[in-house]
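Scroll down for the structure; my scribbles are underneath it.
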Amino acid sequence: MLPGVDGTDGPDDPAARAAALRDEIADHDERYHGHDAPTISDADYDALVRELRAIEEAHPELVTPDSPTQRVGAPVSTLFAPVRHRQPMTSLDNAFDADSLAAWGDRLEKRLGTAPGTAVDYACELKIDGVAISIVYEDGRLVQAATRGDGRVGEDVTANVLTIAAVPHRLPAGAPRVLEVRGEVYMSRSAFARLQAHQEGVNRERLAGGRKPQPVAVNPRNAAAGSLRQKDAGVTAQRELSMWCYQMGEVDGGPRFGRHRETLDYLAEAGLPVNPEVRVLPTLDEVLAYCRHWEADRGRLDYDIDGAVVKLDDLARRDEVGFTSRAPRWAIAYKFPPEERTTRLLGIDVSVGRTGRTTPYAQLEPVFVGGATVSQATLHNEDQVAAKDVRPGDVVVVRRAGDVIPEVVGPVLPRDDPDRPRWTFPTSCPCPRGSTLVRPEGESDTRCVDPECPFQRSSSIEHFAGRGAMDVEGFGEQRVRLFLDLGLLADVADLYDVDWARLDAIRTTVGTWATAALDAARERTGDAKARAAVIDEGDVVATVPDDADDVLGAELVVELTADVARFRSTADTVRGLGPEAVAKLQAAIDASRERPLPKLLVGLNIRHLGPAGAEALAEALGHLDAIEAATAEQMAAVEGVGPTIAASVRAWFDDEAHRDLVARLRGAGVNVEGPERPDVAPVLEGRAVVVTGTLDGFSRDEAAAAIKARGGRSPGSVSKSTFAVVVGADAGASKLTKAEELGVPVIDEAAFVALLDSGELP
Ligand code: IVH
């Protein structure tokens, strides 16, 4: 934990702590708004403000007029001309959990005097993680765009906003005399990835030329903020910014509205970008369900959101409840757990994958991010470490978004120790064999090319037993390593021929040894309750059981007595393999024999062959024997396979050791037969049918499978080659608009059923 983040290291005196927090927050504000170069994550910043607010709530006499809790946004920078907002741009109050969201709703409903059970109508929106903007149209022409600034005065960024493709310069005829819209300028994730790739490319060249790398954007929000505040609007124009409008500001000479939803519809009608996920919901339960849905599903979007915003839909009633000094009472931000936090980088290690590819990864001081505690995060490859310039000892930004593997985004600069040395990529494999690592010219990956490498072997067995392949439950990293260590298996076929009696003997021996070592440790330390952690090398060496060499093998006994950490983890893992656990594992191994052929193919660890290629091969050739016998040309002719995969599969089977392995797997009774051909006519041969929204009779996967079974494809987006778009409930507007633009037929579920039957559109 960083100093000040959890508040535990602050002085006990609340006045002093509040003053210290104010200074710290002011410092971060200056970095963030003045230089677009924050040095802590939003979540850590929020925590500081929350702590200050808690102190001020407990001690109201400590509130100062200039306290950051009393104002809305950023001080105005001197780079851009100031713009006074026609109506103040206020901030929102936050709810960090379901209870405080419900409490806000209850308070609001009480103020409104709503009878229990009466619908209130909440407009629910995504909270876009970008930069707030106000845009003014006069007589339909964009005349001014300004950032929020301190809420009353913002910065004139008109020239920059005019470069954003999503923002119309003109509104259709009949626009009001004055129309102010508010929204969020953001950078999509894909645009951000392109920007990052570009910046990393530039840095690679700089590094190659012996120059220092330039700072790279750490997340889409900072990239959007930095891009929007470019002095040269030409730079902004290259940054692929976008915008979602979420609020109508001042209107003069335009229509009057009773509902927020109607204002958004009006803006959308006028060609302004309005997010398609807005919903008006009548109860707090449904509002909470909306929030939870997006909390779980945020990864599906191509832009970052940091929460949901819930607003009273009825505009007249908004006036009834009004504002506090900082924020409207009629709206609240439901904040998701942060996806980014800062923490200390303790060291960088390298892991070896199933193909020998090495991946540098960060050892971190544990940090709670994206809903989980993270102590390791990937750094991808050598170039990324260099481009990001993260060094062991640095405070770094860690990101964990959805199911994505946690990654280190970059260092927090300026670093506390400017002389901290750079990290260099190791030249030898971290495994006991320590073979030389190679990085082929022009490639970004560094590989261990030793076919005997035990780390590669364990990764490939883990992969075979993993979810995406044969799915042997309970056979993860630790057990795989143990089985390899103990010589219980050497390759994946051995999994079906484990000497379980031997495992049991080992368990007894190691168990006895671990107990004896613990007793020795207790005697040595005089602590009757000492735990396994106090066992040291002396205790291990002194207690080697008589049968150790016979049961474990002399080599392993030497290794275990020389490495206490290894002894401890071996003892732990082996002890977890009692009769019940073994029976479970045996059942899981048995069950894996029935996996469909594509899973087996994926498990074989053939370079370039992923789930889609495996599925295509299994379906087209129908049997493992046929795949083994097929020429590269025959395989390349299968749709979805292509020459690279075909050549790689052929080369794999040309290796005699691999053919032996397959023969042993076949002998062990694993399924080698492909899926049965569906008994339907290929009425959609070569046609693309896009499905959007929820259907009654099909899940998304079922609809896609039905299309595929008839020879068709089911892509995720509409193009001019799309045959038809099937719309279910709550379909996204963008696909429909696209279909209309391109003249692609749009059909409902009944027509879809008919289409599956006949291949004809009604
Ligand atoms: S409404 C008075 N709606 O979040 C209401 N804000 O933490 C003004 N934001 O300043 C804001 N998505 O920059 C609103 N759908 C949304 C939003 C949204 C993102 C931002 C906005 C605001 C900040 C408040």
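The values are calculated or read from the model by the stated rules, or taken from the named source; none is laboratory data. Here the structure is a predicted model, which is why all the values come from computation and not from measurement. Cβ atoms come from the backbone with ideal geometry, glycine included; neighbour counts cover every protein chain shown. Note: accessible area is taken over every heavy atom of the protein model, side chains too, but ligands, DNA and RNA are not part of it. Shrake-Rupley method; radii C 1.70, N 1.55, O 1.52, S 1.80 Å.
Summary of values
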read-out: In region 230-241, residue farthest from the ligand (Cβ to nearest atom) [restricted to those that are touching a Leu at 6+ places or on another chain (Cβ under 7 Å) and part of a loop (DSSP other than H, G, I, E, B)]; value: 231
read-out: Only one of 139, 106, 129 that is within 27 Å of residue 272 (Cα to Cα), more than 16 Å from the ligand (Cβ to nearest atom), out of contact with any Cys (no Cβ under 6 Å at 6 or more places or on another chain) and among the acidic types (Asp, Glu); value: 139
read-out: Pairs with Cβ under 7 Å, 6+ apart, first in region 128-154 and touching a residue at least 40 places away in the same chain (Cβ under 8 Å), second away from the ligand (no atom under 13 Å from the Cβ) and among the hydroxyl-bearing types (Ser, Thr, Tyr); value: 144/158
read-out: Residue list for region 686-709, restricted to those being assigned to a strand (DSSP E or B) and surrounded by 18 or more Cβ atoms within 10 Å (Cβ to Cβ); value: 688, 689, 690, 691, 692
read-out: Any hit, region 276-288, residues being open to solvent by 20 Å² or more (accessible area, probe 1.4 Å), within 13 Å of the ligand (Cβ to nearest atom) and either among the hydrophobic types (A, V, I, L, M, F, W, C) or in contact with a Lys or Arg (Cβ under 7 Å, 6 or more places away or on another chain) (or both); value: no
read-out: Given (1) within 16 Å of the ligand (Cβ to nearest atom); (2) more than 25 Å from residue 114 (Cβ to Cβ), index of the condition residue 347 fails; value: (1)
read-out: Residue selected from region 242-290 under the condition in a helix (DSSP H, G or I) and acidic (Asp, Glu), by the criterion nearest to residue 99 (Cα to Cα); value: 285
read-out: Every residue from region 172-194 that is surrounded by fewer than 20 Cβ atoms within 10 Å (Cβ to Cβ) and over 19 Å from residue 87 (Cα atoms); value: 172, 173, 174, 175, 188, 189, 190, 193, 194
read-out: Matching residues in region 304-322 - criterion: being closer than 17 Å to residue 191 by Cβ and either open to solvent by 20 Å² or more (accessible area, probe 1.4 Å) or away from the ligand (no atom under 12 Å from the Cβ) (or both); value: none
read-out: Of all residues making up region 626-646, the number that are part of a helix (DSSP H, G or I) and crowded, with 20+ Cβ neighbours inside 10 Å; value: 4
read-out: Enumeration of residues in region 522-551 that are of a type in the set (Ser, Thr, Tyr) and part of a loop (DSSP other than H, G, I, E, B); value: 543
read-out: Selection status of residue 362, modelled with pLDDT of 95 or more and away from the ligand (no atom under 12 Å from the Cβ); value: yes
read-out: Output for region 291-303, where each listed residue is away from the ligand (no atom under 16 Å from the Cβ) and surrounded by 14 or more Cβ atoms within 10 Å (Cβ to Cβ); value: 292
read-out: Given (1) open to solvent by 20 Å² or more (accessible area, probe 1.4 Å); (2) of a type outside the set (D, E, K, R); (3) not in a loop (DSSP other than H, G, I, E, B), index of the condition residue 142 fails; value: (1)
read-out: Any hit, region 112-132, residues being modelled with pLDDT under 95 and part of a helix (DSSP H, G or I); value: yes
read-out: Scan of region 332-359 for residues that are among the polar types (S, T, N, Q) and either surrounded by 23 or more Cβ atoms within 10 Å (Cβ to Cβ) or touching a residue at least 24 places away in the same chain (Cβ under 8 Å) (or both), ordered by number; value: 342, 343, 351, 355, 358
read-out: In region 603-625, the residues that are under 23 Å from residue 660 (Cβ atoms) and open to solvent by 40 Å² or more (accessible area, probe 1.4 Å); value: 607, 608, 621, 623, 625
read-out: Residue that is part of a loop (DSSP other than H, G, I, E, B), at pLDDT 95 or above and out of contact with any Cys (no Cβ under 6 Å at 6 or more places or on another chain), where the choices are 662, 718, 670, 683; value: 670
read-out: Checking residue 118 against (1) touching a strand residue (DSSP E or B) at 6+ places or on another chain (Cβ under 8 Å); (2) open to solvent by 40 Å² or more (accessible area, probe 1.4 Å); (3) more than 13 Å from the ligand (Cβ to nearest atom), the condition it does not meet; value: (1)
read-out: Residue tally, condition farther than 18 Å from residue 267 by Cα, more than 30 Å from the chain's Cα centre (by Cα), part of a strand (DSSP E or B) and within 14 Å of the ligand (Cβ to nearest atom), over region 146-201; value: 2
read-out: Given (1) charged (D, E, K, R); (2) within 16 Å of the ligand (Cβ to nearest atom); (3) exposed (fewer than 14 other Cβ atoms within 10 Å of the Cβ), number of the condition residue 256 does not satisfy; value: (2)
read-out: First in region 738-761 and in contact (Cβ under 8 Å) with a residue 12 or more places away in the chain, second anywhere and open to solvent by 40 Å² or more (accessible area, probe 1.4 Å) and small (Gly, Ala, Ser), Cβ under 7 Å, 6 or more apart; value: 749/697
read-out: Single condition residue 725 does not satisfy, out of (1) within 24 Å of residue 619 (Cα to Cα); (2) at pLDDT 90 or above; value: (1)
read-out: Residue 542, sole failed condition from (1) buried (at least 18 other Cβ atoms within 10 Å of the Cβ); (2) over 38 Å from the mean Cα position of the chain (by Cα); (3) hydrophobic (A, V, I, L, M, F, W, C); value: (1)
read-out: Within region 621-641, tally of residues that are within 35 Å of the chain's Cα centre (by Cα) and touching a residue at least 24 places away in the same chain (Cβ under 8 Å); value: 2
read-out: Residues being of a type in the set (Val, Ile, Thr), closer than 16 Å to residue 564 by Cβ and without any contact (Cβ under 8 Å) to a residue 40 or more places away in the chain - total across region 501-553; value: 8
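The rows are residues; the columns are (1) under 30 Å from residue 485 (Cβ atoms); (2) within 29 Å of the chain's Cα centre (by Cα); (3) open to solvent by 40 Å² or more (accessible area, probe 1.4 Å); (4) not basic (Lys, Arg).
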{"residue": "418", "(1), (2), (3), (4)": "no, no, yes, yes"}
{"residue": "434", "(1), (2), (3), (4)": "yes, no, no, yes"}
{"residue": "439", "(1), (2), (3), (4)": "yes, yes, yes, no"}
{"residue": "444", "(1), (2), (3), (4)": "no, yes, yes, yes"}
{"residue": "448", "(1), (2), (3), (4)": "yes, yes, no, yes"}
